[in-house]
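Take a look at the structure set out below.
Derivation of every value follows stated rules applied to the coordinates shown; laboratory data play no part. No experiment lies behind these values; they were computed from the predicted model shown. No Cβ is skipped: glycine too gets one built from the backbone with ideal geometry, and neighbour counts run over all protein chains shown.
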Amino acid sequence: MQPMKHLIRLLAALAAALFVCPVPADAQYFGRNKVQYDRFDFRVMTTPHFELHFYPEATLPAEDAARMAERWYERLARTFEHELVERRPLIFYANHPDFQQTNVLRGTVGEGTGGVTEGLRDRVVMPLGSSYAATDHVLGHELVHSFQFDIARGRQGGGGISGLMRLPLWFVEGMAEYYSLGPRSTLTGMWLRDALLRDDLPTLRQLTREQQRFFPYRYGHAFFAFVGGTYGDMVIPGMLRTAVREGYEASVVGALGMSGDTLSARWHEAISAHYAPLMEGRTSPAEAGSLLISPETGAGRQNVAPSLSPDGRYVAFLSERDLFTTEVFLADAATGRIIRGLTRSIRDAHADAIRFIDSAGGWSPDGERIAVSVFAQGRNRIQVYRASDGRIVERLDVPPHIGEIRSPAWSPDGNRIAFSGQAGGITNLFELEVATGEVTQLTHGRNAALQPTYAPDGATLAFVTDLGPATDFQQLVFGPMRIALLDRESGEVEPLDLFPGAEHWNPQFTPDGSTLFFLADPDGFRDIFRVELADRQILRVTRVATAVSGITDATPALSVARTAGTVAFSVFDGGEFHIHSLDAVDVGGEAVDPDGVVALAGRLLPGGSDDPTDWINRMLADADAGLPPVDAHTAREAEPVDRSLGLDFIGQAAIGVGASQFGTQVGGAISAVFSDILGNRSLYTAVQAQGEVRDIGGQVFYQDQERRLNWGVGAAHSPVRYFRTALGEGPDNTQALVRDDLRQTQSEVVSMVAYPLSTIRRLEFNAGYTRYGFDAQRDIFLYDQAGNFLRREQETLPAPDAVNLGRASVAFVEDNSFFGFNAPVRGWRGRYEVAYLGGSVDFLQATLDHRRYVGTPVPEITFAVRGMHIGRYGSDMDNASSVFRPMFLGFEPLMRGYSSQSFRVEECTFTPAGQCAEFERLLGHRIGVANVEARIALLGTDRFGLLSFPLLPTDLILFGDAGVAWSRGESPELRWDPDTTDRVPVASVGVATRTNVLGALVLEIFYAHPFQRPERGGHFGVSFAPGW
């Protein structure tokens, strides 16, 4: 048997291992914040099939949305021949900035997210749209997902949620688009025509494998329009059920009797046959006017919302040129040369992001300033930038009930800014007095009011609205978008009768005010038109084969210089949005007959059916089926939200029990997460067993995120068990199997408070108590000489005293970083923390950690720097080494080339105590580290990578690491010396690759040359962690 002192040393070493400082950078908590700027007084309106959550600010549109939801239920229940078992929660926010604060969805919510169906609790959460038609579409789309989830869980689906989640995005989202929009869409048609022009129509296999290249929503929509129109709408629900069980390929074969390749070929034939005649004689998108802004001119791929300066010399536009954010850029309107970036949201401490989906910048009449809508403090505000240098000269806030601001437009005298604002879930026009900040509402009612622009005399505003005879808020049917004129003095609105049934957008006055430019799709192709206001004569300006368009229907795509008359517009070309221009002399156009130009075939998707008796057309045209009466569900009947916690999910459970002469053993684990319906309060629980009954551990943590001040409390009990065995001789000529059973038990209570100052900065406060207990027991199993078990003897062994520690800390955390595939590549992040630990030992621990990621003109190259110090301070540190192990500088995420496993005996200089001096100088209770890396995205996508190979995104790294470790009473000598064994700074340089392995882990393979290890020299190493 081993001597007792060896056992005690082992237990002491195990105890010390518990207190290794969390020096890996990624073990420290960074991350952006979801800020609860507002408190929402949610109420619940109950309908036959839904529990609709809303707050008083959005009462009227919420009541209307309840009626829409019931109508969609009737449509989809009949379509899928399926009834939902229980009421589904619908959670509505009055606007998108409010929606971005939701706790139903973990993580940040981007501007491009119009709604989400969350599968764990079957919740649909979404903001009210800019128009009732937009809300109705998104609601229908998300409820299709709700039916998909329910079918997948049921006996009819059979594949479960995992089967649904395995389906490609084009299948799931395309079906939702088809059932919510039908077989007509100018936007989807634009994508198909662009692919047809480039001979790049995707197969189903390509749609599945290349989702970044082929937009799943648009191509999926087109595919199901073809299937529904060609083979019948009712084959689609059967395809879903088969696909959930067996995959989409099996659903094609089972429902249509052909392979995916054959179906792809037939789909392509239908696209070509449908669009080729309609595109004949149309202008190639590259030849529409003069190309101004595109990747060829140094811009990004998505260049939208052009806004010309009054004199036509400059154009401001929105672009993802910097890849990680969308910003406003300024370019020369004659050459397209980009002059500067006007906005830098990555550096703006007062705003989170630029609004870009449905807004454009507005020039002041003197051409010196540009007004832009930004996200800030939980709502939109107008920020005014100076065109000459991009500096912010004004921040214009509006009353808090106006949550969204779109398309700010200056008045000709520069005293006012008109904008489309969303208040109470309804969009109207407002006017802001720049000098006083006073805001006046110009339009009223439920009709949408978007994209305002002033006439040259300032007396009239043109805007986009769904006002007209086709819109009926009792029946909840909505006509197409039209152009209307608002007389500012009288408040009267005059809708213009232009193209019957067509969508109209982007009104822009000519310098003399006699003519109005606009976009419309009367023949299914969105083009530029102009109308002479005196006699209402309409002239066509463009005939583009794809479309004059932005990212969505509501994205501004047309601008006219206020005094010069130059026209700028965005065109869809090669899957990208480019900005083109026309001189004032080239925009005359040809006269058209409004009734003669309308061609319904152009709006219909290839293969789609225009037969009104077909199911999809009949379903969407029947506005009364399933629609409750106006007063069927009112806010007066709403009740407070049930704040109780419900089960979100249970983790994969495992359990096992066994018994033998060695004792009864229990093993297994299970976890569960609970939350309230709004996700504001969550409870995380876990139980784990790994030995006897007393080795069962668990943890529970409660978190409250309802207010801006987030807090949480928790407790955990974590036993860890180790065994040591030895064979020996027992008494009375027996054989003994000796097993030392060593236990460590960590019991703790924790609490945390976090106050986010913004989406990138927060204060953290943490407090807790931890007890580390130790127990040792020896089991002696005696056997006779024949190996038969005789008996078991037990004895208690000495163990270290328990360690008790209290901890309190305060930290300032900031994180404005953007990640590539393997590491951050833009922005910065930092943590600055002071913690007090008291009890068995008392000391202060300071953490100072700051990192910067600087881009270069070559987007794939980033320079990264880090400076970090972690130190334990206090007179009690002389005694702490018996409890706390010193930190190790050679841990790979800190420094490469000095890992513990890389040391060899022959390179060591041994101290009188028998320690390796070269290794010991890497240990200390205080460490300082400096790192620099050049990160090159070698393999990646065509958007971010020198070579396109998205299967294994790989970065090439050139690095330099330096650091020093010391403790109280052991100050380092700050000198460069590669040959000494003294406690001096150490450094290394080298090259590395970081590879994202199937999204599961990041593998780093490096070759490092450690300068302070001349005997070891350069060598390879491996690390499994994302870059710092």
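Taking the Cα centre of the chain as the origin and placing charges on Cβ (Lys, Arg +1; Asp, Glu -1), which of PHE214, VAL858, VAL932 is farthest toward the positive end of the dipole?
Among PHE214, VAL858, VAL932, the one farthest towards the positive end of the dipole of the chain is VAL932.
What's the ranking of 604-612, 444-452, 420-428 by average number of surrounding C-beta atoms within 10 Å, highest first? Mind showing how you got there, number by number?
Details: 604-612: 20.0, 444-452: 22.2, 420-428: 24.8.
Put in order of decreasing packing, that is 420-428, 444-452, 604-612.
What helices in the chain pass both tests, a Cα length along the helix axis of 18 Å or more and a mean Kyte hydropathy of 1.0 or higher, using whole DSSP H runs? Can you show the working numbers first?
Details: long enough: 4-17 (20 Å, 1.36); 59-80 (31 Å, -0.72); 132-153 (32 Å, 0.01); 216-231 (21 Å, 0.07); 260-279 (27 Å, -0.16).
Sorted by number, the helices that extend far enough and score high enough are 4-17.
Quick one: which residues, 5 or more positions from PHE50 or on another chain, have an amide H under 5 Å from its amide H? H modelled 1.01 Å from N in the peptide plane, none for Pro or chain starts.
ARG88
Would you work out the relative contact order for the chain, in percent, from Cα pairs under 8 angstrom that are 6 or more residues apart? Let's see the in-between values first.
Details: 2552 pairs, mean separation 96.0, N = 1028.
Contact order relative to length: 9 percent.
Return the sequence-ordered ³J(HN,Hα) values of the range 334-347 in whole Hz as given by the Karplus equation 6.51 cos²θ - 1.76 cosθ + 1.60 applied to θ = phi - 60°, using x for Gly and Pro.
9, 10, x, 5, 6, 8, 6, x, 7, 10, 9, 4, 5, 10
How high is the relative contact order of the range 48-172? Use alpha-carbon pairs under 8 Å, at least six apart in sequence, and give a whole percent.
Details: 145 pairs, mean separation 28.9, N = 125.
Computed over the range 48-172, the figure is 23 percent.
Across the range 466-479, in residue order, what do the Karplus-derived ³J(HN,Hα) couplings come to in whole Hz, using 6.51 cos²θ - 1.76 cosθ + 1.60 with θ = phi - 60° and x for Gly and Pro?
9, 5, x, x, 7, 9, 9, 7, 6, 8, 6, 10, 9, x
Would you please give the FRET efficiency between ASP624 and PHE949, computed as 1/(1 + (r/R0)^6) with r the Cβ-Cβ distance and R0 = 45 Å, to the nearest 0.05?
Values: r = 55 Å, r/R0 = 1.21.
The formula returns an efficiency of 0.25 here.
How big is the charge dipole of the range 305-594 about its Cα centre, in debye rounded to the nearest 20, if each Lys and Arg gets +1 on its Cβ and each Asp and Glu gets -1 on its Cβ? Display every interim value, and only then the final one.
Values: 24 positive and 40 negative charges, 181 e Å.
So the magnitude is around 860 debye.
Using amide H atoms built 1.01 Å from N in the peptide plane, name the residues 5+ places from ARG369, or on other chains, whose amide H lies under 5 Å from its own.
Distant-sequence amide H within range of ARG369: SER364, ALA387.
Pop a pseudo-label 7 angstrom from the Cα along the beta-carbon direction at both ASP732 and ASP979 and give the gap in nm to one decimal.
Once both label points are built, they end up 7.0 nm from each other.
Work through the residues other than GLN690 whose Cβ is under 14 Å from its Cβ and net out their charges, Lys, Arg +1 and Asp, Glu -1. Don't skip to the answer; put the middle values down first.
Numbers: positive: ARG694, ARG721, ARG743; negative: GLU692, ASP695, ASP741.
Value of the local net charge: 0.
Work from the charge dipole of the chain (Cβ charges, +1 for Lys and Arg, -1 for Asp and Glu, about the Cα centre) and give the residue of MET190, PHE959, LEU105 farthest towards its positive end.
PHE959
How high is the FRET efficiency between LEU790 and SER875 when r is their beta carbon distance and R₀ equals 60 Å, given to the nearest 0.05?
0.60
Out of TYR248, ILE293, ALA316, whose Cα points farthest toward the positive end of the dipole of the range 222-320 (charges: +1 Lys, Arg; -1 Asp, Glu; placed on Cβ)?
Ranked along the dipole, the leading option is TYR248.
Radius of gyration and Dmax for the chain's Cα atoms, expressed in Å?
Cα only, the chain: 33.5, 120 Å (Rg, Dmax).
How large is the dipole of the chain about the Cα centre if only Lys and Arg carry +1 and Asp and Glu carry -1, each at its Cβ, rounded to the nearest 20 debye?
Details: 93 positive and 125 negative charges, 580 e Å.
I would put it at about 2780 debye.
In deg cm²/dmol, rounded to 500, what helix-only [θ] at 222 nm does the chain give when every DSSP H run of at least 4 residues adds -39500 (n - 2.57) and the total is split over its residues? Intermediate values should be presented prior to the final figure.
Working: 16 runs with 175 residues, N = 1028.
Roughly -5000 deg cm²/dmol at 222 nm, from the helical runs in the chain.
Quick one: which residues, 5+ away or cross-chain, put their amide H under 5 Å from the amide H of PHE819? H built at 1.01 Å from N.
VAL825
From the backbone phi of the range 350-366, what are the Karplus-calculated ³J(HN,Hα) couplings (6.51 cos²θ - 1.76 cosθ + 1.60, θ = phi - 60°) in whole Hz, Gly and Pro given as x?
Going residue by residue, I get 9, 9, 8, 6, 8, 6, 10, 5, 9, 8, 9, x, x, 7, 6, x, 7 Hz, with x marking Gly and Pro.
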